[in-house]
Each structure stands twice: as C-alpha cells, then as structure tokens.
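Engineer: I have a structure I would like to understand better, so I am pasting it below and will then ask my questions one at a time.
The values are calculated or read from the model by the stated rules, or taken from the named source; none is laboratory data. Predicted, not measured: the structure shown is a model, and the values here were computed from it. As a convention, Cβ positions derive from the backbone with ideal geometry for all residues, glycine included, and neighbour counts pool all protein chains shown.
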Amino acid sequence: SYTILLKLSGCDPDGEFTCDDGQCVTMEQRCDQLPDCRDESDEFECNMLVLKKSYNKRVAPITSASSSNRTILPVAVHVSINLLKIVSMEEVQHKIDFQFKISLEWRDNRAIYHNLKHESSLNSLTLTDIASLWLPYVIYANTDMKEAARLEMGLRTTIVVTREGSLTRSGEEVIDETEIFQGAENRLTMYQTYTKSFQCQYNLRRYPFDTQVTTPQILDCIRL
C-alpha cells in the first residue's frame, strides 16, 4: 500500500499558489517570510537551492566553448572591495590595518533556484545551503600569512541570489506550484567583512618629518 498526495486547485496556474486549504495567493507571496495563506502553507517547503546528486563543491563551475568544442571555460568571479575604515598605520613596520567589505560575484550553472524574489535580500541562502556550494577562494597576497577569504574567517558572511533570468513553472506532477530559475542566469553574491593587516611600502627617507600620501593609492595595498 502507499499514499499519494493530490491537490485540486481553482487557482491560476500562471501566477498563483494554492494554499493547503484552497485559498489562492500570488507566487510573489510564496516563500517571502510573510504568511499569506490562512494556514500559512505558502511558507512551507521553501528550500531555495537545489543541487544534483553529482554536484561536487570542490570543483569550480565550468562550461565548454560549444557543443563541438570541449574547451573548458572556468567561471568568472568579479571582486570588489569597499574600504570602511583605516584602523591603524605603522610606518616603520610598513603595515596598515583596514576594515573593509569584499564582494564576490559569480554564476553556478549547476545550481537551480526555486521561487526567487525581485528583492535580493529575500534570496539569502541558509548556512546549510552555503556549506553545500562551491565558493571562490581569494588570497590576500600581502598579508603576513597569505590569508584567504574563507567562509569561516569573515566576521559576517552573506550569500544572496540576484533574480536576473527568466523562469519556468513546475509541472502538474509537482504538488506545490514552484517557479524555477537556472543558476547560469542568476548571479550569486558573497559579502564578507574583515579587519586585516596589510604590508605596504612607505617612503620613509624623511620620517617622521614627512607626510605619506595614500590616496588614491591606498587600496593598492590590498593585493589579491
């Protein structure tokens, strides 16, 4: 014997979600952290990230140039840094401490996302999802120990998905209506905040009677 769930719905299949009690709400209200169904079933089963069993997080996302050309193309990772604060400067030791925020952007063509929202803050991945994903590995070359941007090292690490691509809807065989987005079309962004000590070269021929000019070259001290 077995049990199979069936859902009889009068809701619009092109943009509405059927609550367990039969109420209709929009798909934009589905999994937005605000219960809209009377029975709150629009906030059930809200796993955003879907990975195949063959997914290997130790391998970076890759593509081929074409179906006939098997040349491997590695994923492009865009890096940006926002300087938040100059914590301290040690001219004699050629060191400067920065507090900064680093942002890493990439697309993982092996991932699938469910029910993405236009507001990126609502597409924040859980810690469980983050632990299952491939993440970029960035090394700060001019720190004492060649420190790296790792998940466990950030004071705060957040990964969000930006909804950019088109969507498809789940078929009738799926009990709950789902909007499906492909990883190749929707950008992942990882934010981390750090305070690190960097080694920089100062012109100290007249120290301490000179003035060090650090702008606009100040971020040149952070070498990746």
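Engineer: Would you check which residues across segment 94-117 are of a type in the set (Gly, Ala, Ser) and either at pLDDT 95 or above or farther than 16 Å from Leu188 by Cα (or both) and list them?
Structural biologist: Listed by number, the list holds a single entry, Ala111.
Engineer: Using the structure shown, decide if Ser103 is in a strand (DSSP E or B), under 15 Å from the mean Cα position of the chain (by Cα) and over 23 Å from Thr168 (Cβ atoms).
Structural biologist: Details: in a strand (DSSP E or B): yes; under 15 Å from the mean Cα position of the chain (by Cα): yes; over 23 Å from Thr168 (Cβ atoms): yes.
For Ser103, the condition - in a strand (DSSP E or B), under 15 Å from the mean Cα position of the chain (by Cα) and over 23 Å from Thr168 (Cβ atoms) - is met.
Engineer: Still on this structure, I have one more. For segment 16-65, which residues satisfy the criterion of being hydroxyl-bearing (Ser, Thr, Tyr), touching a residue at least 12 places away in the same chain (Cβ under 8 Å) and under 17 Å from Thr178 (Cβ atoms)?
Structural biologist: Thr18, Ser41
Engineer: Residues that are in contact with a Ser or Thr (Cβ under 9 Å, 6 or more places away or on another chain), at pLDDT 95 or above and not in a loop (DSSP other than H, G, I, E, B): does segment 146-157 have at least one?
Structural biologist: For segment 146-157, residues in contact with a Ser or Thr (Cβ under 9 Å, 6 or more places away or on another chain), at pLDDT 95 or above and not in a loop (DSSP other than H, G, I, E, B): absent.
Engineer: Let me ask something else. Among the residues of segment 78-98, which ones are over 21 Å from the mean Cα position of the chain (by Cα) and in a strand (DSSP E or B)?
Structural biologist: Lys85, Ile86, Val87, Ser88, Met89, Glu90, Lys95, Ile96, Asp97, Phe98
Engineer: Given the conditions (1) modelled with pLDDT of 95 or more; (2) over 28 Å from Ile112 (Cα atoms), report the number of the one that Leu49 does not fulfil.
Structural biologist: Among (1) modelled with pLDDT of 95 or more; (2) over 28 Å from Ile112 (Cα atoms), Leu49 violates only (2).
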